[in-house]
Amino acid sequence: MQQIATSVQSTRNDPQPAPAPKDSCIIPRDPDFELYDNVGRDADQIQAARYNLATDNDLKRWARRDARAFRDAHPLPDQPWAAPHLGPYLDALTAAQTPAEIDAVTDHVLDAAEPALRALSTYLVAAARWKQENRDAATGSPSHLLMTAASRALSALALADEAGLNRLRAAYDPAPAPTAPTNASRGATASLPPTPPSTGPATRR
């Protein structure tokens, strides 16, 4: 009997696991999942351990592992798209002295970048439509985010073009400055009778 009592008392004194958050559910873990601790871990891993979640790097690592056979069957180029050499553009931009000159440089850059941005937008739209997930896609869903990214890839061109047009309009076609009222119009305004006080809202019929 004394041994049983000692065992029960020892169990009560042992640290108990923290209760699960309200409305939480136990999700099956990937066999490769390791619960991170504070030893040798970065901030993302420590934060993920607090909620027993996988980090973004975990997700990418598992996806690369599970897509290895697919990548072998569908080889993709490993080299990134060739980036343009910006030296001539930046040199010309530094030398530009007028709105017309800076617009000439910017237009040239946008024309050069447009094919790559349109290709990126086309792919993002295709990814958003994968298995028709774009139908009735909720805000924040993968399909919705991909469609948004596709639109923003092209909106960069539109915004840059709008900035150039605004600069040119300010230089070549500025808005006329407001004119001060003439004495006649001031006198006519002064001779008008005062506005009668409001009697409150009209009665609804």
(request) For the stretch 83-132, enumerate the residues that are farther than 30 Å from R169 by Cβ, assigned to a helix (DSSP H, G or I) and basic (K, R). (result) K131
(request) Could you tell me whether L146 is open to solvent by less than 60 Å² (accessible area, probe 1.4 Å) and aliphatic (A, V, I, L, M)? (result) yes
(message) Which condition from (1) modelled with pLDDT under 90; (2) loosely packed, with under 11 Cβ neighbours inside 10 Å; (3) at negative phi is the one that Q132 breaks?
(response) (3)
(request) Those residues that are surrounded by 13 or more Cβ atoms within 10 Å (Cβ to Cβ) and basic (K, R), I need them from the stretch 40-91; list them, please. (result) R41, R61
(request) Only one of these is modelled with pLDDT under 95 and touching a Phe, Trp or Tyr at 6+ places or on another chain (Cβ under 9 Å): S151, S143. Name it. (result) S143
(request) Take the stretch 133-170 and flag every residue that is among the acidic types (D, E) and part of a helix (DSSP H, G or I). (result) D161, E162
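The values are calculated or read from the model by the stated rules, or taken from the named source; none is laboratory data. None of the values given here were measured: they were computed from a predicted structure. Cβ atoms come from the backbone with ideal geometry, glycine included; neighbour counts cover every protein chain shown. Remember, those area values only see protein heavy atoms, side chains included, never the ligands or the DNA or RNA. Shrake-Rupley method; radii C 1.70, N 1.55, O 1.52, S 1.80 Å.
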